[in-house]
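Chemist: First the structure, which I've put down as structure tokens, then a few questions once you've had a look.
Each value in this text was obtained by applying a stated rule to the coordinates, not by laboratory testing. None of the values given here were measured: they were computed from a predicted structure. With ideal geometry, Cβ positions are generated from the backbone for all residues, glycine too; neighbour counts draw on all protein chains shown.
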Amino acid sequence: MQNEKQSRPSTPAMVQVRGVSKVYEGGVEALNGITLEFPQGQLTSLLGPSGCGKTTLLKIIAGLITPTAGEVHVDGKKVTGPGPERAFVFQDFALMPWADVMRNVAFGLELKGVKRSEREAIASKYIQAVGLKDFERAHPHELSGGMRQRVGLARALAVNAKVLLMDEPFSAVDEQTRRKFQEDLLQLIDRERKTFIFVTHSIEEAVYVSDRVVLLSRRPSRVSAIIEPDISRQDDPDKIRRDPAYLDTVENIWQGLKHYVE
Amino acid sequence: MMREGLTHPLLLRVLSVALVVGAWEYAGRVPISPAFPTFQETFAAFLEMVKDGTLAKATWITLKPLALGLFTSVVFGVAIGTLMGLNRFAEWLGSPVFIIAQSAPLAALIPILTFAYGIGLTSKVLTVCIMAMPVIVLNSLNAVRHTPNSLVEMGRAFLASRAKLVTKIILPAASPMIFAGLRLGCAAGFVGVILAELLITPTGIGDIITYNQSIAEYPKMYAAIAFIIVFSVLFIEAIEWLERALFGRNKGQFHAERETVPA
């Protein structure tokens, strides 16, 4: 735990957000001068009240939305649109209903022009990694919400991007499934060694899965605090939820966010 | 299982056909009008026309403007509608014409078409087109326009080119609604070809109808009418088979999937 803490400052930033603002057509100001760094190989959550622009910020990093001001650099390069070093996991899964699990997972590779046999071999590996073995030929409508999001996650992993952007990936999934998913995600982070940026509105979820939690204020959003939960994730995942450090962090964040709700 | 058996579409269809035939036979026997033959007489007239080749010859003649008109309407209709769905300027340019065309009684234009293009094949093909095309265009337009935004975003996030976005995401997502438009458009095309054959010059099936009406040979007239209706229904069914064969999916499942995706 101590070692982990010390190694953090030396980690280089994979994603840099500099002075990003976003004003939507019609004058809605979503983001106001956000400056943030996302260290390589860590999971950073963007946490904030509903409608605070977390998703907007994530989509700006993804290159899906153009910021009104400021810029984003990923792996040293300025973002002008979506890029191969970033992959996105969508809140509503965004699976093609006419395609089976295999084609959905391999779709990023299909768009890149990877040969069928090759991309299906890669996709199989990730279908197995997210626990959907034997569902390769199933269609999305035959899967539960949690399984669909596993497909979305496998699709994002299959393109082997350095940065994984996850937009409230578990919000459309029921509570039990979500817990299991969060536990699996921890193992995945450990195995994949990628930079994760994770948008959530659940304090517990943010603290449970994150190395760093970025608290955003209400719209127009600013960074109100950055918290690094001091929790060891080497142990049994169930232990984390009873860890006093976990519970204290959740409580602290709640105290910080409370006044936005009232 | 029991419920499924009772509400099986095939059984329901057979049942409703039997009901209509029964009512027809009864009404013919009453008789509600001397000009209304029974089902049996009509069926006999139908068999007679099949045997002496009148029906085959007439169908062949009717098929020509129908096939040409439907082919043109489907190819251009889907292309124009898709273009309008993808491009705001094309939509701005084209949609008023097709919206008016869809809601106006276009049969009123047939005399103008005849005046401009004569009584030949061209006028009849155009009649089929003006009836069939608007609904095909507008359905394609709406289908493309209503591609789920998250799917388009997904395509962009995974670096799809514009062309691949259209062929791999937008068109497959739009296909159920495009096919619904094709079914409606083709049905309207059948209306168009019969209108043309009744109003411009009597040819093909339209000729059998008008000729037998004029000599009071009602069973043959009704046989021709029933035949073209059944032919049209089977044709529309064939489009549905084609859709299933092409996309290998059950429509119900596809829509269920779309509905369960949260907004």
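Chemist: Would you order B:29, A:150 from fewest to most other beta-carbon atoms within 10 Å of each residue's own beta-carbon?
Modeler: B:29, A:150
Chemist: Sticking with this one: Can you give the translational diffusion coefficient of the stretch A:137-210 in µm²/s, computed by Stokes-Einstein from the Kirkwood radius over Cα pairs at 20 °C and 1.002 mPa s?
Modeler: This corresponds to a translational diffusion coefficient of 166 µm²/s.
Chemist: Could you give me the ³J(HN,Hα) list for the stretch A:169-175, computed from phi with Karplus coefficients 6.51, -1.76, 1.60 and θ = phi - 60°, whole Hz, x at Gly and Pro?
Modeler: Using θ = phi - 60°, the values come out as x, 9, 6, 9, 10, 5, 4 Hz.
Chemist: Hey, what number do you get for chain B at 222 nm if only DSSP H runs of n ≥ 4 count, each worth -39500 (n - 2.57), divided across all residues, to the nearest 500?
Modeler: Value at 222 nm, helices only: -27000 deg cm²/dmol.
Chemist: Please identify the DSSP H helices in chain B that span no less than 15 Å along the helix axis (Cα) and have a mean Kyte-Doolittle hydropathy of 1.0 or more.
Modeler: Span-like helices, by this rule, are B:9-29, B:54-86, B:121-145, B:171-199, B:218-247.
Chemist: Another question about this same structure. For chain A, what does -39500 (n - 2.57) per DSSP helix run (n ≥ 4), summed and divided by total residues, give at 222 nm, in deg cm²/dmol to the nearest 500?
Modeler: Details: 10 runs with 101 residues, N = 262.
The helix contribution divided over chain A gives -11500 deg cm²/dmol.
Chemist: Next question, about the same structure. Fewest to most neighbouring Cβ within 10 Å: what's the order for A:35, B:59, B:82?
Modeler: Final ranking by Cβ density, sparse to dense: A:35, B:59, B:82.
Chemist: On to the next question. Would you mind giving the mean number of other chain beta-carbons within 10 Å of the Cβ of each residue in B:167-174, as a whole number?
Modeler: For peptide B:167-174, the averaged partner shielding equals 2.
Chemist: Hey, what do the phi angles of the stretch A:236-251 turn into as Karplus ³J(HN,Hα) couplings, whole Hz, using 6.51/-1.76/1.60 and θ = phi - 60°, x for Gly and Pro?
Modeler: 4, x, 5, 5, 4, 5, 10, 5, x, 4, 4, 5, 4, 4, 4, 5
Chemist: Give me the net charge of residue A:136's neighbourhood, meaning all other residues with Cβ under 14 Å from the Cβ of residue A:136; Lys, Arg count +1, Asp, Glu -1.
Modeler: Residues close to residue A:136 contribute a combined charge of +4.
Chemist: Now, a different point. Modelled label-to-label distance, residue B:51 and residue A:184, 7 Å Cα→beta-carbon offset: nm?
Modeler: Placing both labels 7 Å along Cα→Cβ, they lie 7.0 nm apart.
Chemist: So, counting K/R as plus one and D/E as minus one, what does the shell of residues with Cβ under 9 Å around residue A:29 add up to?
Modeler: Working: positive: A:22, A:219; negative: none.
Taking every other residue near residue A:29 into account, the sum is +2.
Chemist: How would A:192, A:118 line up from fewest to most surrounding beta-carbon atoms within 10 angstrom? Before the final figure, lay out each step's value.
Modeler: Working: A:192 14, A:118 11.
Ascending number of Cβ neighbours within 10 Å: A:118, A:192.
Chemist: Toward the positive end of the charge dipole of the stretch A:97-160, about the Cα centre and with charges on Cβ (Lys, Arg +1; Asp, Glu -1), which of A:126, A:144, A:101 goes farthest?
Modeler: Ranked along the dipole, the leading option is A:126.
Chemist: Grab the other residues whose beta carbon is less than 14 angstrom from that of residue B:138, score K and R as +1, D and E as -1, and report the net.
Modeler: Numbers: positive: B:145, B:183; negative: B:91.
Overall, the nearby charge balance is +1.
Chemist: Please report, in whole Å³, the volume per residue of the convex hull around the C-alpha atoms of the stretch A:97-160. Display every interim value, and only then the final one.
Modeler: Working: hull volume 4.5 nm³, N = 64.
Cα-based convex hull of the stretch A:97-160, divided per residue, equals 70 Å³.
Chemist: Which residue, B:164, B:57, B:124, tops the fluctuation ranking in a GNM of chain B built on C-alpha contacts under 10 Å?
Modeler: Per the Cα network of chain B with a 10 Å cutoff, B:164 tops the list.
Chemist: Specify the residue with the greatest mean-square fluctuation among B:80, B:61, B:228, computed from a Gaussian network of chain B linking alpha-carbon atoms under 10 Å apart.
Modeler: B:61
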